[in-house]
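Working notes for the structure below.
The values are calculated or read from the model by the stated rules, or taken from the named source; none is laboratory data. Predicted, not measured: the structure shown is a model, and the values here were computed from it. Note that we place each Cβ from the backbone using ideal geometry, even for glycine, and neighbour counts take in every protein chain shown. All accessible areas refer to the heavy atoms of the entire protein, side chains included, with ligands and DNA or RNA removed. Shrake-Rupley method; radii C 1.70, N 1.55, O 1.52, S 1.80 Å.
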Amino acid sequence: MERRQKNQQQQNPRRNPLSSSSSSSSSHSSNRKSRYRPPNRASGDARARHREDSGLDSGDATTWDEPRSLARSIDERASAAGTRSSMGIREQQEQHQHHQDGENARDSREFASAVGTCPYMCPGMGEMAQRERLRDLAVFERLHGNPAKTSPELAVKKFCRTISTRHVQLSDIRPLSVLGSTLDYLMNLMNSTPEPFETVHDFIFDRTRSIRQDLSMQDILDKRAIHMYEKMVNFHVISHHKLRLSSSGPNSFNISSLHHLNMEQLAKVLTSLYNLYDLNRDHNSMHKNEPEYRSLYVLLCLNSESLPEGERLSLWFRRVPTPVIKSKEMTFARRILRYFRTDNYKCFFSTIAAEASYLQYCALEPYIDKVRALAVLLINNGGYKLHPYPIAHLSNLLMMEESEVESFCIACGLETSLDEQGNKVLPTKQPAFNHPKAGHGKYGFSGFENICRTL
């Protein structure tokens, strides 16, 4: 019996946990020390991007630096089951990945020169019929209000997150002419429907993403694409203004979510538009509308020292063409940036009223109440206690109606009163100032009528 147990231990040495753990740990540590290589961050990032592009997770890629015990255990399990070795599996995976990369490259070359043939805003035989069957029609796509019936004049192709160019037919892709007319239809829908704006925004938001998808699959990068991207920027910037006006009431949480998603897509569309400007640039010239659309990025980043990708704003300016930097639109944006960061509220408001375009005002609007709160704070702290500040003067300074000024001061935790002549005043040196909460009220801007004339 004892002799049999000794034979079993010799045949299966891993029955002794102490001896196996000590030997394996020492071999693992020696292997790690001898086989260590400093990480190449650049190549690692490239591989990660390649995995994302090819649809693979990081866990799907096998590495060559596996511990020997792990490779040995794989070989043992493979040989015991009569399968291939782990080295063979890795070679097969590499061959399969190489084959997949070749197919992806071939597909991208084919679609780079492809032109869609769908003559409608939505593919009729495929998507339109399926959405009718599933009753997946937006309120703007329903024929006579029927949720299961639409027409080519109403249905617009939806954005598909998991689309693959390998399985897309040219009949499902809209050519540039159809994409242009579809975008015009969507832009006209913004102001021609009685539906709430959040409903309109949700519809156009999705359908413009589908337009960008079709442009990308056909590799359309010319000046006609620039014109379309500028229209889509208009939609997102105006939505930035209109969603803010709708952000009160029982649906405020949903509006806030829409506002966040809108800003996210606005950043992406602006980035694509700037890339198109650079691709279609002749020497150091500038495109017709480039200065205004470049200035929007500066105005959207007033209270940020860096851009979303981590680049400082001062470095971002260096990459902007000189003619754009010298344009009146970019000069306006840089002055507003300087006034905002130096707390010069008087010049901030007067410059907006005198020079801002409608798009620039829509980008600036969320900052206006913040600067107003700063102005009230400075006036309250810097004034004389025996000399209250007249509300009428504050109204001209903040470019608000007097009734709105009084409401705004109350939202800041300050009290107003009447002087001996019966005029409303703001007593200074009040200790109870606090910044108004988000969504506390919607206040007008006295120069807004002049700004709207720039449309």
* To do: Set the Förster distance to 45 Å, then compute FRET efficiency between Ser216 and Lys346 from the Cβ-Cβ distance, nearest 0.05.
  => 0.45
* Fully extended contour minus Cα-Cα distance, from Asn450 to Asp206, at 0.36 nm per residue -> 84.6 nm
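How much FRET efficiency would the formula 1/(1 + (r/R0)^6) give for Asp419 and Leu374, where r is the Cβ-Cβ distance and R0 is 25 Å, rounded to 0.05?
Values: r = 25 Å, r/R0 = 1.00.
After rounding to 0.05, the efficiency reads 0.50.
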* When the Kirkwood radius is taken over all Cα pairs of segment 386-430, what Stokes-Einstein diffusion coefficient follows at 4 °C and 1.567 mPa s, in µm²/s? -> 124
* P(r) for segment 337-455: what percent of alpha-carbon pairs falls in each 10 Å bin, starting at zero? -> 13, 45, 32, 10, 1
* Please give the per residue accessible area of segment 256-377, computed with a probe of 1.4 Å over protein heavy atoms only, in Å². => 45
* Collect residues whose amide H, placed 1.01 Å from N in the peptide plane, falls under 5 Å from the amide H of Tyr389; neighbours closer than 5 in sequence don't count. => Leu426, Thr428
* Asked: Quick one: Karplus J couplings for segment 118-129, per residue in order, coefficients 6.51, -1.76, 1.60, θ = phi - 60°, nearest Hz, x for Gly and Pro?
  -> 5, x, 10, 5, 9, x, x, 6, x, 5, 4, 5
* Structure fact -> Simple spin-label estimate for Asp136/Lys288, 7 Å along Cα→Cβ, in nm, reads 3.9
* **Whether segment 276-357 is rounded, prolate or oblate, judged on the alpha carbon gyration tensor where a/c under 1.5 counts as rounded** => oblate
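Only Lys, Arg, Asp and Glu count, each charged at its Cβ (+1, +1, -1, -1), so figure out the dipole size of segment 173-279 about its Cα centre, rounded to 20 debye.
Numbers: 10 positive and 11 negative charges, 18 e Å.
So the magnitude is around 80 debye.
In nm, what is the difference between 0.36 nm times the number of residues separating Ser403 and Leu313 and their Cα-Cα distance? Don't skip to the answer; put the middle values down first.
Numbers: separation 90, 0.36 × 90 = 32.40 nm, distance 3.82 nm.
Gain on stretching Ser403 to Leu313: 28.6 nm.
What does the C-alpha gyration tensor say about the overall shape of segment 352-396? Classify as rounded when a/c is under 1.5, otherwise prolate if a/b is larger than b/c, or oblate. Walk me through the numbers on the way to the answer.
Details: a/c = 4.32, a/b = 2.39, b/c = 1.81.
Note, shape of segment 352-396 comes out prolate.
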* To do: With 28 Å as the limit, write out which pairs from Lys231/Lys346; Lys346/Lys424; Lys242/Lys424; Lys326/Lys442; Lys158/Lys288 have Cα-Cα distances beyond it, or answer none.
  => Lys231/Lys346; Lys242/Lys424; Lys326/Lys442; Lys158/Lys288
* Grab the beta carbon distance between His393 and Leu279, set R0 = 41 Å, and tell me the FRET efficiency rounded to 0.05. => 0.20
* Would you mind computing the Rg to Rh ratio of segment 146-288 from its alpha-carbon coordinates, Kirkwood style for Rh? => 0.99
